[in-house]
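The values are calculated or read from the model by the stated rules, or taken from the named source; none is laboratory data. Keep in mind it's a predicted model, so treat the numbers as computed, not measured. Positions of Cβ are backbone-derived with ideal geometry, glycine not excepted, and every protein chain shown enters the neighbour counts. Surface areas here come from the heavy atoms of the whole protein model, side chains and all, with no ligands, DNA or RNA. Shrake-Rupley method; radii C 1.70, N 1.55, O 1.52, S 1.80 Å.
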Amino acid sequence: MYSFLLTDDEQIVIDSLTLIIKRNFGEDVRIFSALSGPEALNIVHKEKIDIIFMDIHMPGINGLEAINLIKQINQNIIVIILSAYDQFEYAQEAINLGAFKYLTKPVNRNLIIQTIRNAMNLVDEQKGQLSTNIEMYEKLNFVSSIVESDFIYSCIFNNNTTTDLSTYLKYFKIEDKDYFMCCIEIPEGMNKVRYKSYVKLRDIFTSKCSCIIGSFMNNRVGVYITVPDASKKNDDDYRKMIMNPIHLMLSMEISSGIRIGISEIESEIAKASQAYNNAMTVLSNLPTEGGIGFFEDIKISDDKLSNSVKNLSQRILARVKAADKLSLQRLVSEYSSHLFKLYEKEPDRIKNSVFELVLNARSFVLQLEPSYTNSAFDTVFSTLISANKQADIEHFILDRCMECAGAIAAIQEDSMNPIIQKACSYIESHISQDINLEQLSSYLNVSPFYLSKLFKEKKGSNFIAYVTALRMEKAKQLLLDDRLIIKEIASDVGYNDQNYFSKLFKQEFGLTPTEYRESKLK
């Protein structure tokens, strides 16, 4: 459908043009008319006009003045001048103003029809280009949101030390080195309007600061916010100047129960995981009814910190025992932060706690393999004595725990119970089928209880968790093949319900299968 505006101070001209257009293009056109420039402007303001026929000499503002004003309203409108004046100056000015054609009265009917056809073709080209641009923008916007989520996920769970987070910053053309992390928590009861809440959250953040926004992880969203160079002298003021209004707007637009934890300012991108953990620490100490807090202002009681340190120590040792290297970096980072906060002025107590932790980690290896040796443990005490910075001690803990977890994995692989070996082989070869504990125990000729106990002892997880983790890892590999659709991949790893598969995948990796594929293929 094409919209025409016929503007002339003589009604007979409008009637003649209307007749020609309707006879030749009747089904595809809407026609509006105006007897003056101001009337034409009023119609352009109200209607979506594609093509205008414009006379030059009219009462009020003339045609050339009207074209100038109309092009300011919509520069894509195609203007055809139809005038009794053939002076060169008029034609030149009309072309300079962006007129498509300058016709002089009287004009041949066939020339008008051909001019209209050419104008319609140009309208189609413009609409096609606009559609392509919109589609391209939507695709880029979609891809960018995936990369944003992948960046935030990598910041929080940067278990792969080869991940270069700076490449993400180059992708987003972020040059400012200083940044801070914040963690936003949406009240649990708002799951039904979660998408709308997320859209509003993005709109508010992007309108107030330069940032990278992750996707929902449970009911929380992580955000990386840059600090402009000009604000370095007043870093803390900048955070509060930005975040306090954002919290107010989120409270008004989404919910008064929103909580935001904000980290200190960092300059090294490698510390993003620690910064996010600090933001989470702040969040956990805010009132349940909502609020905003900054890391340096949060006061955690010694009892609470002490309990947190003990809890984290136990969790680290549990992950070492389970040979789970993936979870260690985040736990060690959080443990180190709380430990230094608890014993801020007592470095000896920090080192004693660390010494005890790494020796306990090694004891798990010695229980499995009494002859286990590692030269790094021979100098563990002297290394700790010379380490004073939090970052150095954190690296020390992580290295020793990673070594122990790796050793346990190797020992378990070598001395795995033959029943478990046979069970794992069966699971891998039947991963696309429905596998349950009773079926597998019958195949192995053992009781389900005994098989479940063996899995817990030898694999460090229960049967269902092991099968699910194996399926998720295989799904990650299959997603790298863009010829496979998600439904096929779900079926190949044993899930008939694609939605259930996608839900499990996101719980495991923080991204939907589609988001993961796009980020990796990108």
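Filter segment 267-288 down to the residues that are not in a helix (DSSP H, G or I) and not hydrophobic (A, V, I, L, M, F, W, C), then identify the one that is surrounded by the most Cβ atoms within 10 Å (Cβ to Cβ). Before the answer, list the steps.
Looking only at segment 267-288, we keep the residues that are not in a helix (DSSP H, G or I), and these are 267-268, 285-288.
Cutting the leftovers down to not hydrophobic (A, V, I, L, M, F, W, C) gives us 267-268, 285, 287-288.
Working: SER267: 11, GLU268: 13, ASN285: 17, PRO287: 9, THR288: 9.
Of everything passing the filter in segment 267-288, ASN285 is surrounded by the most Cβ atoms within 10 Å (Cβ to Cβ).
Being over 19 Å from TYR153 (Cβ atoms) and assigned to a helix (DSSP H, G or I) is the requirement here; does ALA475 meet it?
Working: over 19 Å from TYR153 (Cβ atoms): no; assigned to a helix (DSSP H, G or I): yes.
Considered against the rule, which asks whether it is over 19 Å from TYR153 (Cβ atoms) and assigned to a helix (DSSP H, G or I), ALA475 comes out as no.
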Quiz prompt | Where LEU479 falls short, out of the listed (1) open to solvent by 40 Å² or more (accessible area, probe 1.4 Å); (2) touching a residue at least 24 places away in the same chain (Cβ under 8 Å); (3) not acidic (Asp, Glu) | solution = (1)
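Out of the residues in segment 360-375 that are of a type outside the set (S, T, N, Q) and within 40 Å of the chain's Cα centre (by Cα), which is most open to solvent (accessible area, probe 1.4 Å)? Break it down stepwise before answering.
The first filter runs over segment 360-375 and keeps only residues of a type outside the set (S, T, N, Q), leaving 361-362, 364-366, 368-370, 372.
After this cut, where a residue has to be within 40 Å of the chain's Cα centre (by Cα) as well, the list is 361-362, 364-365.
Values: ALA361: 0, ARG362: 76, PHE364: 43, VAL365: 0 Å².
My answer is ARG362.
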Quiz item: Has segment 129-146 got at least one residue that is open to solvent by less than 40 Å² (accessible area, probe 1.4 Å) and either farther than 30 Å from MET181 by Cβ or modelled with pLDDT of 80 or more (or both)?
Solution: no
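Looking for whichever is free of Cβ contacts under 8 Å to residues at least 24 places away in the same chain, in a helix (DSSP H, G or I) and over 30 Å from PHE157 (Cα atoms) here; the options are SER502, SER442. Which one fits?
Numbers: SER502 fails: over 30 Å from PHE157 (Cα atoms).
Unique residue meeting the criteria: SER442.
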Quiz item: Out of (1) assigned to a helix (DSSP H, G or I); (2) surrounded by 16 or more Cβ atoms within 10 Å (Cβ to Cβ); (3) at pLDDT below 85, what's the single condition that is false for ASN307?
Solution: (2)
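Listed here are the residues, each with its yes/no results for (1) open to solvent by less than 70 Å² (accessible area, probe 1.4 Å); (2) of a type in the set (D, E, K, R).
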| residue | (1), (2) |
| --- | --- |
| TYR426 | yes, no |
| ASP434 | no, yes |
| LEU440 | yes, no |
| SER447 | yes, no |
| TYR450 | no, no |
| PHE455 | yes, no |
| VAL467 | yes, no |
| LYS474 | no, yes |
| LEU504 | yes, no |
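Check whether at least one residue in segment 186-203 is under 20 Å from ALA275 (Cβ atoms), at pLDDT 75 or above and surrounded by fewer than 18 Cβ atoms within 10 Å (Cβ to Cβ), and report yes or no.
No.
Could you say which residue among ARG220, ARG194 is within 30 Å of LEU504 (Cβ to Cβ), out of contact with any helix residue (DSSP H, G or I) (no Cβ under 9 Å at 6 or more places or on another chain) and touching a residue at least 12 places away in the same chain (Cβ under 8 Å)?
Values: ARG220 fails: out of contact with any helix residue (DSSP H, G or I) (no Cβ under 9 Å at 6 or more places or on another chain).
On inspection, the qualifying residue turns out to be ARG194.
Can you tell me which residue in segment 371-383 is nearest to PHE355 (Cα to Cα), limited to those that are part of a loop (DSSP other than H, G, I, E, B) and at pLDDT 80 or above?
Taking segment 371-383 as the starting set, the residues that turn out to be part of a loop (DSSP other than H, G, I, E, B) are 371-374, 379.
Cutting the leftovers down to at pLDDT 80 or above gives us 372-374, 379.
Values: TYR372: 18, THR373: 17, ASN374: 15, THR379: 11 Å.
The extreme case among them is THR379.
Of the residues in segment 342-354, how many are surrounded by 17 or more Cβ atoms within 10 Å (Cβ to Cβ) and assigned to a helix (DSSP H, G or I)? Give the derivation first.
Going residue by residue through segment 342-354, those that are surrounded by 17 or more Cβ atoms within 10 Å (Cβ to Cβ) are 342-343, 350-351, 353-354.
Checking which are assigned to a helix (DSSP H, G or I) leaves us with 342, 350-351, 353-354.
Residues flagged as surrounded by 17 or more Cβ atoms within 10 Å (Cβ to Cβ) and assigned to a helix (DSSP H, G or I) within segment 342-354 amount to 5.
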Quiz item: Within segment 389-423, how many residues turn out to be modelled with pLDDT of 85 or more and either in a helix (DSSP H, G or I) or surrounded by 14 or more Cβ atoms within 10 Å (Cβ to Cβ) (or both)?
Solution: 21
Quiz item: Among the candidates ASN68, ASN76, ASN121, which residue alone is in contact with a helix residue (DSSP H, G or I) (Cβ under 6 Å, 6 or more places away or on another chain), at pLDDT 80 or above and more than 21 Å from GLN11 (Cβ to Cβ)?
Solution: ASN76
Quiz prompt | segment 325-341, subset within 17 Å of GLU403 (Cα to Cα) and buried (at least 17 other Cβ atoms within 10 Å of the Cβ), residue modelled with the highest pLDDT | solution = VAL332
Quiz item: Give me the pairs: first residue in segment 114-132 and at positive phi and in a helix (DSSP H, G or I), second residue surrounded by fewer than 12 Cβ atoms within 10 Å (Cβ to Cβ) and modelled with pLDDT under 85, beta-carbon distance under 7 Å, and six or more apart or on different chains, which are they?
Solution: none
Quiz item: In segment 252-281, what residues are over 21 Å from HIS395 (Cβ atoms) and among the hydroxyl-bearing types (Ser, Thr, Tyr)?
Solution: SER255, SER256
